[in-house]
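The structure appears right after this line, and notes come after that.
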Amino acid sequence: MPEVAPSVARKAAFAVTASLALLTTACTGQSGSGATDDASKDTTINFWHAWSAPNEVKAVKSLVAGFEKAHPNIHVNIVGNMTDDKINQALRSGGDQAPDVISSFTTNNVGKFCSSGALVDLNPFLKKSGIDPETTFPKTMNEYTQFDGNRCTVPLLGDAYGLYYNKTAFEKAGIAAPPKTWSEFEADAKKLTITQGDGYKQLGFMPDYHGWESTTEHYFAQFSPTYFDKNGKSALAEDPAFEKGFTLQKRLVDELGGFQKLEKFRATLGDEWGPKHPFHTGQVAMQLDGEWRLGMAEQAKPGFETGVAPLPVPDDQADQYGKGYITGTIAGIAATSHKQNAAWELVKYMTTDTDAVVGFANDIHNVPSTLAALKSPKLKYDPRFKTFLDIAANPESTTTPASINGGVYLVTIQQFGYDYESGKATDLKAGLKKTAAQIDTDIAQAK
């Protein structure tokens, strides 16, 4: 994930999940257990990734240089700034210039990568190397890198979502500590809101789903929802977590001024990735965001101290405070590669070598993706960043599960969220049933 603006790439990738028919079952190649190349011989492999900022590109080169020093016979040709579309096309076609190893920001596409056969199952490689994923990777990262028993990817650093808050605004409002439950959060958001004319001088929190990172999956993670039942059917209308999540968000919208007033205010605010982000300027006092926001906030030099905490949890789950939503970058081996054993050496180094993971995390300020790296004394970070390390290591933290058609089901849920918050849809239960039916139809058609 990019250090400065990971969600730009992630949102762009999210938008194309519906078009991932590019990855079809026509993708074929050697299986992990069938790889026949000799990784001890002199060879060159291609590594495609999506990082593009100068500091990120430098960090990737440093990571690979460490690998080549440890494996002098394996040379790595690095190709950066590769979009998911370009990667998908190369995974289909293969060839000498195609990637042997890929990394992607789009965890939503793991189900598609695995079910299509575009990436090989890494379970045989892990077993051969004596690596147990359950004791190597944080629970949530371990979950989002596999689909239906096929582990075609492994985590390569991660993102964790938490709550940023303006300590000066909190002090002025008489709030002593960040909210731990949603009821405390509601009360604080109202206390922190200062109206001005028909707008706001300061908004406690921007609850709208278009409010940057305030998406359905980020809200709902705090309710620990079950997206699919044991038969693979959408549980949207069955699991009460979703009704509670939609209800909470709609109540926040109504209590903080209503959808129209909030959207009118949002239209006047700065860009998410610029120095005029409304949290930086003090126009919004609390912000749901990823770990990268801390560095961006400090670079913007706001006139207040930035506080960081886990997102609140439902009042009846207060004992689970500290959990959050986790996502991240994934790495895998192309099924069309004829150098899968050499490719595995690179993947293994980048994703399981503690010093390599720590060094990469330090360089691009993302969350380490192994349990050992999360505890490493070599990890360098602002003390506030530890909140995100703890969220990543928390076994109660959640993610959105892989699906055969990628993140299409998340787009469908988010679209209903837009309709419900705006008042276009008014019957929540009926809307959840209709949305669940659409998700099931889309998945059936993708099989």
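The values are calculated or read from the model by the stated rules, or taken from the named source; none is laboratory data. All values derive from a computational prediction rather than experimental measurement. Don't worry about glycine lacking a Cβ; one is built from the backbone with ideal geometry, like all the others, and counts go over all protein chains shown. Surface accessibility is based on the protein's heavy atoms, side chains included, excluding ligands, DNA and RNA. Shrake-Rupley method; radii C 1.70, N 1.55, O 1.52, S 1.80 Å.
For the residues Q202, Q283, Q97, a GNM of the chain with alpha-carbon springs under 10 Å puts the largest fluctuation on Q97. Sequence-ordered 3J(HN,Hα) estimates for region 114-131 from the Karplus curve with 6.51, -1.76 and 1.60 and θ = phi - 60° stand at 6, 5, 7, x, 5, 10, 7, 6, 8, 3, x, 5, 4, 5, 4, 8, x, 9 Hz, glycine and proline given as x. Under the combined filter of DSSP loop state and at most 14 neighbouring Cβ atoms within 10 Å, region 207-315 retains these trypsin sites (Lys or Arg not before Pro): K230, K276. Loop-resident chymotrypsin sites (Phe, Trp or Tyr not before Pro) (DSSP state other than H, G, I, E or B) in region 69-150 with no more than 16 further Cβ atoms inside 10 Å of their Cβ are absent. Computed over region 349-439, the convex hull of the alpha-carbon atoms projects to a mean area of 8.8 nm². In the chain, a dipole from Cβ-located charges (positive for Lys and Arg, negative for Asp and Glu) runs towards its positive end, and of S115, P133, L379 it is L379 whose Cα lies farthest in that direction. Summing charges over neighbours of K190, with a neighbour being any other residue whose Cβ is under 13 Å away from its Cβ, gives -3 when K and R count +1 and D and E count -1. The C-alpha atoms of the chain define a longest principal axis, and helix 84-93 lies at about 30 degrees to it. For region 140-255, the alpha-carbon radius of gyration amounts to 1.33 times the rule-of-thumb value 2.2 N^0.38 Å expected for a compact globular protein. Can you return the aspartates and glutamates within cross-link range of K190? Criterion is Cα-Cα under 19 Å, with same-chain partners fewer than 8 residues away left out. K190 reaches E171, D198, D208, D254, E255, E263, D315, E421. Compute the separation of the alpha-carbon centres of region 92-119 and region 33-72 and state it in Å as a whole number. Distance between centres, Cα-based: 16 Å.
Just to confirm the number: angle between the C-alpha axis of helix 340-352 and the first principal axis of the chain, 0 to 90 degrees, nearest 10? With rounding to tens, the tilt is 40 degrees. When +1 charges are put on Lys and Arg Cβ atoms and -1 charges on Asp and Glu Cβ atoms, the dipole computed for region 258-347 relative to its Cα centre reaches about 380 debye. By its C-alpha gyration tensor, with a ≥ b ≥ c as the square roots of the eigenvalues, how is the chain shaped: rounded for a/c under 1.5, else prolate for a/b larger than b/c, else oblate? It is prolate, given that a/c is not under 1.5 and a/b is the larger ratio. Accessible area per residue for the chain, computed on protein heavy atoms with a 1.4 Å probe, is 40 Å². Within the accessible surface of the chain, defined with a 1.4 Å probe on protein heavy atoms only, the carbon and sulfur portion equals 51 percent.
Computed from Cα atoms, the angle from the helix 6-15 axis to the main principal axis of the chain rounds to 80 degrees. GNM remark for the chain: springs join alpha carbons under 10 Å apart, and the peak mean-square fluctuation among A221, A437, A342 falls on A437.
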